[in-house]
1. Out of (1) touching a helix residue (DSSP H, G or I) at 6+ places or on another chain (Cβ under 9 Å); (2) closer than 22 Å to Val200 by Cα; (3) surrounded by fewer than 22 Cβ atoms within 10 Å (Cβ to Cβ), what's the single condition that is false for Glu273?
2. Kindly indicate the residue of region 73-91 that is in a strand (DSSP E or B) and of a type outside the set (A, V, I, L, M, F, W, C) and also modelled with the lowest pLDDT among those meeting that condition.
3. When you look at Lys96, is it assigned to a helix (DSSP H, G or I), of a type in the set (Lys, Arg) and at pLDDT 85 or above, yes or no?
4. Within region 38-57, how many residues are surrounded by 12 or more Cβ atoms within 10 Å (Cβ to Cβ), modelled with pLDDT of 85 or more and in a loop (DSSP other than H, G, I, E, B)?
5. If you scan region 77-128, which residues turn out to be crowded, with 21+ Cβ neighbours inside 10 Å, more than 15 Å from the chain's Cα centre (by Cα) and within 23 Å of Asn206 (Cα to Cα)?
6. Val207 passes all but one of (1) under 23 Å from Glu356 (Cβ atoms); (2) under 22 Å from the mean Cα position of the chain (by Cα); which number fails?
7. Which condition does Asp355 not pass, out of (1) within 22 Å of the chain's Cα centre (by Cα); (2) farther than 24 Å from Ala163 by Cβ, if it passes all the others?
Amino acid sequence: MMPFDMRPDAVMQELMAYSQKLTHGVRNLMEVGEISSGVTPKTVIYQEDKLTLFRFNPPAEGGKSRVQSKTPLLIVYALVNRPYMADIQENRSTVKGLMAAGQDVYLVDWGYPDRADRYLTLDDYINGYLDRCVDVIRERHHIDKINLLGICQGGTFSLCYSALHPEKVKNLVTMVTPVDFQTPDNMLSHWVQQIDVDLVVDTLGNVPGEMLNWTFLNLKPYQLMGQKYLGLIDTLDDPEALKNFLRMEKWIFDSPDQAGEAFRQFIKDFYQENKLLKGGLEIGAPVSLKGVTMPVLNVFAEQDHLVPPDASRAMRGKLGSKDYTELSFPGGHIGIYVSGKAQKTVPPAIGKWLDERD
């Protein structure tokens, strides 16, 4: 560590440079303009209640689509955050990477639940909304089966859906997806075990997104609520870096409320009773991991603090599929979508794996 120069002239020079950076930074903040929510052009294919099914518009070269895959890929994101994390900026877009790998990409946007959605259940989300989205895509492409890519909680939903409807899923990709919700290193799980979820839902109805967001941030409070804002000072004079920071901040605090009954069931059945792994889970019908019989690619992050690697690797040997592959990424829960290394490795690997089974 370099010693701090305490000479008055050096201190004054440092303060002047700091003041200039702040002044320039405030000007950049005032001129930053609108922060986008996703960057890839897309078309609305289907809507129902709060849900929207999008198809990302295939880029054309010479009047011909670059899509190569015969089987469309549906991205299923979590309920607790917004899905544009997978398409957050031009050079950090899992969606763009998948399209560059020849995939025809669709995405489920669950929207923002309100009081009218208080009694939606996991059955409504998985056997209702998600199943109808799958059927819309199957009908559009005149095929029996599609590919699914489930992210985080959306991966857990995709596992359940694939177990319940194997006749509609050709290949399944899971990213940072929990299966064992009670691994020793899962801090979020340790907290959740102590929650009286019945009291929470019966009192609040829908669970506020702000409350969940506060919980996630407090898993790493120094890094997520202190250190990053100190580091912001170093990016204030760089308009592009500032926009990138604000995009991430927008996503972090863009947290939908959670439909009360679905939240109650997810916390009880998955976190508190670990039924997906141990058995006894019912979502309209009994759910067993042995019912997942299609090829599965399981992508997880080695430094994931929300879904520890062991929580995801727990599906190994528990599925009914004879074709199971793991892809380990040396990063964290968010880095797997937005880091430069992830962009170069993860989407191409998913595309290659799907092509080999297309």
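The values are calculated or read from the model by the stated rules, or taken from the named source; none is laboratory data. Small disclaimer: the values here were computed from a predicted structure and weren't measured. Virtual Cβ from ideal backbone geometry, glycine too; neighbours counted across all protein chains shown.
1. (1)
2. Applying the first criterion (in a strand (DSSP E or B)) to region 73-91 yields 73-76, 87-89.
So of that shortlist, the ones also of a type outside the set (A, V, I, L, M, F, W, C) come out as 87, 89.
Numbers: Asp87: 92, Gln89: 84.
That would be Gln89.
3. Details: assigned to a helix (DSSP H, G or I): yes; of a type in the set (Lys, Arg): yes; at pLDDT 85 or above: yes.
Yes, satisfied.
4. So the count comes out to 5.
5. If the condition is that a residue be crowded, with 21+ Cβ neighbours inside 10 Å, more than 15 Å from the chain's Cα centre (by Cα) and within 23 Å of Asn206 (Cα to Cα), then Pro113, Asp117, Leu120, Leu122, Tyr125, Ile126 are the ones that fit.
6. Among (1) under 23 Å from Glu356 (Cβ atoms); (2) under 22 Å from the mean Cα position of the chain (by Cα), the lone unmet condition for Val207 is (1).
7. If we test Asp355 against (1) within 22 Å of the chain's Cα centre (by Cα); (2) farther than 24 Å from Ala163 by Cβ, just (1) comes out false.
Rundown of residues vs (1) surrounded by fewer than 15 Cβ atoms within 10 Å (Cβ to Cβ); (2) within 12 Å of Met175 (Cβ to Cβ), yes/no style:
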site	(1), (2)
Pro308	no, no
Ser312	no, yes
Gly317	yes, no
Leu327	no, yes
Thr345	no, no
